Amino acid sequence: MTDRERWVRTMHYEPVDHIPDEEFGYWSDTFRTWHEQGLPEFVNDNTIADRYFGFSRRESVPVRLGLMPAFETKILEEDERHKVLVDGSGVVQEVFKDGSSSIPHYIDFPLKGRREWEELFRPRLDPGTPGRYPENWEELKEHWKERDYPLGISVGSLFGWIRNWMGFERICTMMYDDPELMHDIIDHLADFILGTVERAVKEVDLDFAAFWEDMAFRSGPMISPSMFEEFLVPRYRRITSFLNEHGIDIVYVDCDGNINAIAGLWLEAGVNTMFPIEVRAGTDPIELRERFGKDMRLMGGVDKTKLIEGKEAIRKEVSRLEKLVADGGYIPHVDHRVPPDVTYENYLYYLKVKREAFGIPEPEPYEARKHLYEYPEPIFLPVEETPPPLT
């Protein structure tokens, strides 16, 4: 059974030889720590790590959905430990110079109201901007016809992007203070996403689509369910309906935190798979299955803190998920990026226990598999010049 057959059948509750072997990834600090504990130095990013550990292959088509052109990035000031910079979204932030994996200290956000939306952001969210599709798109399409792995597409964000551009406080107050503007922005995002992905969805046989939101804390979502239903559900439904009409019936959302209050609304809107299901934040895959049955697929849900605690805790955590795996529609993996608190030894032990519990064969050594990852790289067209800033 190929990676593609296995993934598609698992997500449709059909029999498989074993579930896909997937993991979410690692913080940059984790690589540095693990290099001191035995991980080879060349394994220094998530793509290489996925290949080194021998996980199932799953890819997304290289369609650019972000701001184009991006804002000019520049360093405003720096000292021995920190630098203050403007990133590609126009956000001013302070970060550690050594690349430590920590949330930046945000200083200023560029999207403050309708003026900035109309002049700075809306022009950067045009599906027709050159460079959204790679120059060798036709070559890639031919290559994908012969693939044996699942292939999907990112369908962006309706809340998380705006939160990044406005900041958490402003987006929440703006929904009360200027709901008309928020409706305009989210409507445009839905139009932009549909206009950008339409070509790929119609021209490539895709297996899934993925939203990114990150709109929940440990205490629950950043906005109320009623606001979620008013502002987001109709726009999600427009996008998922288009995807469904073209054969894409697995649509997942990447959202950290406690999503219990909004998971059902996502499901109503056609987003039928939850990921990564952060257990310590209060969301649990077993509880989600009990609430929503097999209408909801699940990915993640292995409590990362159990990998810190040690071998007995790892065995218990994997064991508690065995029935859920047997029922189908679920791919277990760590519920966020693995932190450096997890030792390399414990992580290898976790992979061993997971693979043994779910009948996943141990992969061949990395050197024997390197040739499997050779495929055409996307070549993107140049992007038009950055629009002038507000005066």
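Taking a quarter of the surface of the Cα convex hull of the chain gives a mean projected area of 19.6 nm².
Oblate is the label for region 49-130, because the ratio a/c of its alpha-carbon gyration tensor axes (a ≥ b ≥ c) is 1.5 or higher and a/b is not greater than b/c. Take every pair of alpha-carbon atoms less than 8 Å apart whose residues are at least six positions apart; their mean separation over the length of region 293-360 yields a relative contact order of 43 percent. Taking other C-beta atoms within 10 angstrom as a stand-in for reagent exposure, 215, 175, 1 fall in the order 1, 175, 215, fewest first.
For residue 107, the residues whose modelled amide H falls within less than 5 Å of its own, excluding neighbours fewer than 5 places apart on the same chain, are 92, 93, 94. Each Lys and Arg Cβ is given +1 and each Asp and Glu Cβ -1; about its Cα centre, the chain then shows a dipole of about 720 debye.
Give the residue list of GluC sites (Glu not before Pro) in region 1-94 that are DSSP loop and have at most 16 other beta-carbon atoms within 10 angstrom. Intermediate values should be presented prior to the final figure.
On the way: sites: 5, 22, 23, 36, 41, 59, 72, 77, 78, 80, 94; in loops: 22, 23, 36, 41, 72, 80.
Taking region 1-94 and a limit of 16 other Cβ atoms within 10 Å, the loop GluC sites (Glu not before Pro) found are 36, 41, 72, 80.
Looking at the chain, the DSSP beta bridges with both ends there are about 45 percent antiparallel.
Shown in residue order for region 79-92 are the 3J(HN,Hα) couplings computed by the Karplus curve 6.51 cos²θ - 1.76 cosθ + 1.60 at θ = phi - 60°: 10, 5, 10, 10, 9, 9, 9, 9, 8, x, 9, x, 8, 8 Hz (x for Gly and Pro).
When the Cα atoms of region 188-305 are aligned to their principal axes, the ranges along those axes come out at 42, 28, 23 Å in descending order. Kirkwood analysis of the Cα pair distances in region 224-291 returns a hydrodynamic radius of 12.5 Å.
The calculated P(r) of region 141-233, using every Cα pair and 10 Å bins from 0, goes 14, 41, 25, 15, 5, 0 in percent.
Only the coordinates and a few stated rules stand behind these numbers; no lab work does. Since this is a predicted model, take the numbers as computed values, not measurements. Methodologically, a virtual Cβ is constructed for each residue, glycine included, from the backbone with ideal geometry; neighbour enumeration extends over all protein chains shown.
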